[in-house]
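In what follows, a single structure is set out as structure tokens and then discussed.
FYI, it's all coordinate maths here, none of it is from the lab. Predicted model, so just to flag it, every value in this text is computed and none were measured. Cβ placement follows ideal geometry from the backbone for every residue including glycine, while neighbour counts extend to all protein chains displayed.
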Amino acid sequence: MLVSRRQFLKQLGISTGLLISSTLGPRVFGLQQTPIKIGGTLPLTGVFSATGIWVERGYRYWAQEINSRGGLLGRPVELLIYDDASSVDKAISLLERAITVDKVNLLAGGYPGTAAAAQMAIAEKYKMVYVSMGGHMKSFLQGFKYSFGAPPLMGEWWYLGVFDWMATLLPGDRPRKAAAATVNNLVGIAVRDSMYEGLKRLGIQLVMDELYDLPLPSADPFVAKAKALGADMFISNSFFDDGVLTIRSMRAQGYNPKIILQGVGTLIPEWATQLGKDGDYIFSGTAMHHKLPFPGVKEVGEAAKRLYNVPVPPQYFLFGYAWLQALQRGVEGAGSLDQDAIANYLRTHVIETIAGRLTFDEKGLPPPYNFAIQVLKGEPELIWPPAVATASPVYPKPPWGG
Amino acid sequence: MNFFLQVMISGLLLGTTYALLGVGFSLIWGVARVLNITHAIFAVLAAYAAYWPMKLYNLDPFLILLGIIPLFFLLGVLLYEGPIRLLERRTPNLELSSLVLTFGLAYALENMMAYLWSPGPRLLNTPYTGHSLSLLGIYFPLTQVYSFLLSVVTIVAIYLFLYHTHLGKAVRAVWQDRDGAVLSGVNLHSVTAITYGVAIASAGVAGVAMALIYAFNPAIHLGWLIYIFLVVIMGGVGSMLGAGVAGLFTGLVINLSVLFIPFAWSNLLLFSGLLLLLFIRPRGLLQR
């Protein structure tokens, strides 16, 4: 069919315009493409919110940063993080909503371990990659193909670093008897497993092994019991509130063991800002720290300090950033949003994140590792392994208030 | 022996604080037939009211209480005059409706506090925090001692008000026989408003007493509410003495159970005891 010259030029102009915009569009016109939606839930209110909000802030900083560099696969990322109010039930239903209603392209990991463990099953059901802290070892033994701990927060590895350091002490200097009080939930039980292995390895007798439910009404009974039994090592496998109650009870009863291990309370800024000197000299473990010698950690930590006016970069800000960064590496490596391709890439390659170089086994876990920390002058310092240490450990524990 | 005495004393000191938490809740339930779920969140609000002046201006919580008590009395009156009275006119089942209303109010207040002050935990760090008195090898943590004294003084004050003042007798009359009290010339509206004021003021004191011992955050009210219900139901609704006895019993069971059973079973023991009590005395220990 013959067309007029005018019509031909018009069609030529339109075709050329389409060709130019499709190849140069993202650079010439900015990130105008459909954003990649990343969905998830976090405890932004409720009992776990003190930590949850820091994970969210880490997520948002990652998103802001990647968008400023051109996005993921050339597309901007958009976060859709629901508040699960620290409820596992809500974490499950809201994640499912993000997948089925909001049709997100990628998933962001939840917190704490109980929520993450539950969400791993949802991610597996919908065959979507799920990068998170995980829900401790049990959650990774379910044969899931799409879940990765990057880095994982593994209770079973929690005290690996501390006990490795303690193994360097002369046998005569080590504590002889340990007393433990553990919060009776998934996290506490997992951390307790780490303790059993370490005590056995060092030949330290466990004279007290109490469990308690939250909220902890009083730490006085088991602290008094530990003191009566002559335990010179106390292991408080606790969160913040119950950890504080335990520390205060120990001080009030004049019980000052040679060494105190604490679960996860020491990782949040409030441990130092609220507890003051009583929070010093307490040992714990971590999979992430702002002073680790990994590329990008320092910059992300400084950003957290600057943005939120805190003296020390919160660990969970770094965790949040690391989890999405690991997901980013998988997407970039796969070159697509295909979930199987992303999972396959993560399983077969080394990825670089602010949490270090990570590889994953068939369970979705890196090889076991954990760094020992001790709170010194209000700051959690790395004390083991020596390659990353930022301070020398103080042992035995000085008197309270000292 | 020292171990036994230490845990027993600690249990008694702690139990009195639980009793104080329960007294005001029991008062409103007994007098106004309202299940005031906001009781615990008001206690948390009082903890923040003590925290900020201490943090910003180094004011001791006991000094701040002089302002908290009248302020929270007023808040209690406003709670009654506002949402509760509106509800009273609209529902035939005040007990159930008030449960729902105050539940919603409690969550609203929780979220308001989380928004204003962040959901992170706070601690009242006073000059006496972490210090103890020591007597014959038994330690008396000062924060628990002060919390105990505060609780005892407040409970005694409420008792004296109820049993030795004209207004207090009117409150008791309404609790015992609402219609009879009205027929006797008691102004139901004023008496109920004052009851709310006294109850929420006591929640304010309880909040400070609890904050001396525990870390707190906006969401903690649900955990405190468990102990409130335990103490009130065990002691008998409306019974001050019952709340006191139940509080002490709770503190003792929690602490002493570690001598005989794993500590993780202390709640099981406590609530099993409550169930058994309710089979034997459904009205609680001391409610007549």
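Quick notes on this one:
- Which listed pairs, of A:Lys177/A:Lys227; A:Lys377/A:Lys397; A:Lys37/A:Lys305, have C-alpha distances above 20 Å, in listed order: A:Lys37/A:Lys305
- Inverting the pair-averaged 1/r between distinct Cα atoms of the range B:236-288 gives 11.6 Å as its Kirkwood hydrodynamic radius.
- Here, the protein assembly as shown is characterised by an Rg to Rh ratio of 1.05, where Rg is the alpha-carbon radius of gyration and Rh the Kirkwood radius.
- Bridgeable aspartates and glutamates around A:Lys103 (alpha carbons under 16 Å apart, same-chain partners fewer than 8 residues away excluded): A:Glu78, A:Glu124, A:Asp338.
- Bridge type composition, the protein assembly as shown - antiparallel percent by DSSP, nearest 5: 40 percent
- In percent, rounded to a whole number, the relative contact order of the range B:2-280 is 41, using alpha-carbon pairs under 8 Å and six or more apart.
- Only Cα pairs under 8 Å and 6+ residues apart enter the sum, and on that basis the relative contact order of the range B:156-230 stands at 17 percent.
- Using alpha carbons only, the radius of gyration of chain A set against its Kirkwood radius gives Rg/Rh = 1.08.
- Its relative contact order, with pairs defined as Cα atoms under 8 Å and 6+ residues apart, puts chain A at 17 percent.
- Global size of the range A:254-326 as Cα Rg and Dmax, reported in angstrom: 13.9, 46
- Dimensionless Rg/Rh of the range A:352-393 - Kirkwood Rh, Rg from C-alpha atoms: 1.10
- For chain A, share of DSSP beta bridges that run antiparallel, in % to the nearest 5: 30 percent
- Reciprocal mean inverse distance between Cα atoms of the range B:2-280 - Kirkwood radius, Å: 19.3 Å
- Taking other Cβ atoms within 10 Å as a rough exposure proxy, A:Met208, A:Met166, B:Met1 sort from fewest to most as B:Met1, A:Met208, A:Met166.
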